[in-house]
Amino acid sequence: MPQDGAVQIRGSMGKGYDQVLTDDALAFLAELHRAFEPRRQALLDGRAELQRKLDDGYVPAFRDDPEGIRGGDWRVGPIPGDLADRRVEITGPTDRKMVINALNSGARVFMADFEDANAPSWPNMIEGQINLTDAIERRIEFVGDNNKVYKLNDQVATLVVRPRGWHLTDKHILVDGSPIAGGLMDFGLYMFHNAQRLLDRNTGPYFYLPKLEGAAEAKLWNDVFTYAEKRLDLVHGTIKVTVLIETILGALEMEEILYELRDHAVGLNAGRWDYIFSVIKKFRNHSAALLPDRAQVTMTVPFMRAYATHLVQVCHRHGAHAIGGMAAFIPSRRDPQVNEEALARVREDKEREANDGFDGTWVAHPDLVPVAQAVFDQYLGERPNQGGRWSADQVHTAEELLNFRVPDGHVTETGIRNNLQVTLRYLESWLRGVGAAAIFNLMEDAATAEIARAQLWQWARYNARLADGRAVTAGLIRQMAEEERDRIRQEWQDLDAKARLDKAFRIFDQVSLADTLPDFLTTVAYGYLE
């Protein structure tokens with residue numbers, strides 16, 4: 001294993017790690033780093049420069065289109081057979097039991113997540129790679145605490161992998177003394193070890209791309225894919241990707257993003273939670289972007305409707321699939337009334353998506369697969385997707401995407417306290433290595449915690465008013481945060497959990513009460529993770 005200064009491994013070597021971190025795989029990572037790290041850094045510098053302009057009052061718009069990309073007569077490349085029907089997709093981290101249960105869930109696709117549903121500890125990242133290879137080879141097994149043995153069914157979901165976004169690095173692998181980009185590490189290891197394995201099984205290397213803020217970032221990924229295909233002797237276009245449109249800047253360039261990736265792209269996904277967070281973050285100095293309680297920012301408010309329906313039309317105009325957002329409810333084993341009310345909301349959400357023309361949707365729990373599938377079965381029947389549905393009337397303007405008014409929206413003490421509970425509980429979970437956390441009957445990942453902590457910052461920044469007339473200040477939020485932390489401490493007996501909660505509170509202080517809103521909670525919290 002190279003340790004000569006070119007590639008250095010800073011993490012300990014567990015069982016099977018040597019099968020992932022081979023000399024050849026590490027050499028491939030070094031190639032990717034050297035070829036693309038300078039461009040990644042330049043793009044991140046571009047993000048920072050644009051944020052400075054936004055902070056100074058700049059309002060973005062659709063970019064100039066001299067090439068006629070928007071509305072042009074072009075289509076994405078051919079879509080593989082096992083990605084033609086994506087009516088229900090399940091998502092989750094790459095731990096061994098989750099991989100088995102998700103692949104067995106009855107969903108058409110499993111998005112194995114190295115990003116928001118995963119805490120990027122060294123064991124999580126490398127053992128996740130082991131688990132995915134074992135799943136592809138159909139040798140994966142897991143024995144639970146009750147000695148129950150989990151194995152793959154004969155019929156399993158199509159595997160799609162989400163690597164980390166461009167903003168994240170991994171401190172455990174250094175190339176020429178610098179941390180490797182997390183996305184290049186996740187993509188490179190999975191691609192190097194499994195591309196041919198997947199093709200031999202009549203599937204392929206499929207990916208979800210997160211957090212893109214524009215077409216230039218999509219082009220960087222496209223060049224990475226082209227490089228990898230050539231390097232591994234694969235046909236151009238073998239890699240297939242779906243892009244999560246989960247930033248407001250990405251939404252303004254979603255057609256250009258699809259165009260840059262057109263030989264590799266199969267669709268776009270409406271990443272609704274990160275999208276709301278992106279609105280708060282990017283327009284942190286714009287009072288017009290002040291949002292009410294998170295529960296009131298639904299997919300039916302005007303700017304979210306514009307985002308969703310515009311995405312469908314962009315996809316269908318160019319032969320790509322539109323995948324809807326997450327249903328995060330975790331069914332209760334003890335309260336049928338909670339289930340009945342929540343499942344009714346899930347059905348309503350999925351009916352809206354199907355009626356809008358989405359080709360499929362996301363769920364976070366296997367018990368939701370039949371609920372979502374029943375809705376899309378009704379709309380699709382025997383058709384694999386709704387790709388023929390397109391209407392120029394549903395292509396929105398930049399002004400519609402950027403009008404963040406929420407009718408009758410307001411900030412409440414309940415909303416503040418819920419955001420505090422979610423932020424603290426999620427951070428504690430993340431610090432113990434669990435990136436998909438069950439909180440109040442919902443499966444939460446980093447995106448929800450990002451919205452929660454960013455809203456707290458925004459409300460204090462603009463002294464939002466509660467119904468009783470109180471102004472929301474940093475002091476009021478800190479007082480409530482201490483109260484909510486103490487409530488959680490009383491709930492828990494485990495001393496290690498309480499210690500992690502104290503760390504979580506310190507991180508909360510940094511990401512919610514700082515003078516300037518930090519870009520990502522996870523980059524701050526990563527310094528606390530081993």
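Readers should treat all values here as calculations from the given coordinates under stated rules, not as data from a laboratory. Here the structure is a predicted model, which means the values were calculated and not measured. All Cβ positions, glycine included, derive from the backbone under ideal geometry; neighbour counts span all protein chains shown.
I need the shape label for the range 61-198. Rule: rounded when a/c is under 1.5, else prolate if a/b > b/c, else oblate, with a, b, c from the alpha carbon gyration tensor. Oblate, because a/c is 1.5 or more while a/b does not exceed b/c. Taking the convex hull of the alpha carbon positions in the chain and averaging its projected area over all directions gives 24.1 nm². For H321, the residues whose amide H sits under 5 Å from its own are G267, L268, ignoring neighbours fewer than 5 places away on the same chain, with H placed 1.01 Å from N. Contact order for the range 413-528, expressed relative to its length and based on alpha carbon pairs under 8 Å spaced 6+ residues apart, stands at 31 percent. The GluC sites (Glu not before Pro) found in the range 311-415 that occupy coil by DSSP, while having at most 16 further C-beta atoms within 10 Å, are E382.
Given R₀ = 51 Å, FRET efficiency for A467-D23 by Cβ-Cβ distance, to 0.05? Step by step, r from the Cβ atoms, then E = 0.20. To make sure I understand the rule: partners must be aspartates and glutamates, Cα under 14 Å from the Cα of K53, and not fewer than 8 residues away in the same chain. Which ones qualify? Straight-distance partners of K53: D45. Mind jotting down the distance between the C-alpha centroids of the range 34-71 and the range 358-372, whole Å? Result: 34 Å between the Cα centres.
Simple spin-label estimate for D176 and D367 gives 5.2 nm between the two label positions (7 Å along the Cα-to-Cβ direction from each Cα). In this calculation the C-beta distance from V143 to R75 is compared with R0 = 35 Å, giving a FRET efficiency of 0.15.
Using the structure shown, list the pairs from K15/K171; K148/K498; K151/K350; K211/K503; K171/K240 with a Cα-Cα distance above 24 Å, or answer none. The pairs that break the limit, which is 24 Å between Cα atoms, are K148/K498; K151/K350; K211/K503; K171/K240. Between the amide H of I173 and those of R10, I180, distances stay under 5 Å, these residues lying 5 or more places away or on another chain, with hydrogens modeled in the peptide plane. Of I69, I126, the sequence from fewest to most neighbouring Cβ atoms within 10 angstrom is I69, I126. The GluC sites (Glu not before Pro) of the range 51-142 that meet both conditions, a loop assignment by DSSP and at most 10 other Cβ atoms within 10 Å of the site Cβ, are E67.
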